[in-house]
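The values are calculated or read from the model by the stated rules, or taken from the named source; none is laboratory data. Remember, it's a predicted structure, so these values are computed and weren't measured experimentally. With ideal geometry, Cβ positions are generated from the backbone for all residues, glycine too; neighbour counts draw on all protein chains shown. We work out accessible area using only protein heavy atoms, side chains counted, and drop any ligands, DNA or RNA first. Shrake-Rupley method; radii C 1.70, N 1.55, O 1.52, S 1.80 Å.
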Amino acid sequence: MHVTIVSPEQTLFEGQVDSLTVPGEKGRFEVLKGHAPIISSLTAGSVVCTGEESCELKISGGFIEVAHNRVSLCVEE
């Protein structure tokens with residue numbers, strides 16, 4: 001699935017991943033290929049991408065949108 005992570009200042013990550021783990025308001029959750037559409041707020045913690053391209057980012061909060069195997073995150077570092 002395609003993941004784009006942006007902050008107000010810049011694009012922090014863009015690429016293909018197999019899974020994404022994020023700190024949701026009600027606890028950590030994982031997004032995999034075929035995940036149901038969702039929009040959720042994020043709290044402070046780590047965003048972890050694994051797969052062809054990997055990344056780990058510390059965030060202080062933000063939002064995530066998942067739809068049609070495309071994931072967009074707007075975060076504050």
Item to check | Identity of the residue in the stretch 46-67, open to solvent by 80 Å² or more (accessible area, probe 1.4 Å) and among the charged types (D, E, K, R), that ends up nearest to residue 77 (Cα to Cα) | outcome: 58
Checklist outcome for this item: With the first residue restricted to the stretch 28-41 and required to be closer than 22 Å to residue 58 by Cβ, and the second required to be assigned to a loop (DSSP other than H, G, I, E, B) and among the acidic types (Asp, Glu), Cβ contacts under 8 Å at 6 or more apart or on different chains are 40/25; 41/25
Next on the checklist: Just to be sure I understand, how many residues within the stretch 68-77 are open to solvent by 10 Å² or more (accessible area, probe 1.4 Å) and more than 19 Å from residue 18 (Cβ to Cβ)?
Outcome noted: 3
Checklist entry - Which ones in the stretch 6-45 are loosely packed, with under 13 Cβ neighbours inside 10 Å, among the small types (Gly, Ala, Ser) and more than 14 Å from residue 76 (Cβ to Cβ)? => result 27, 34, 36
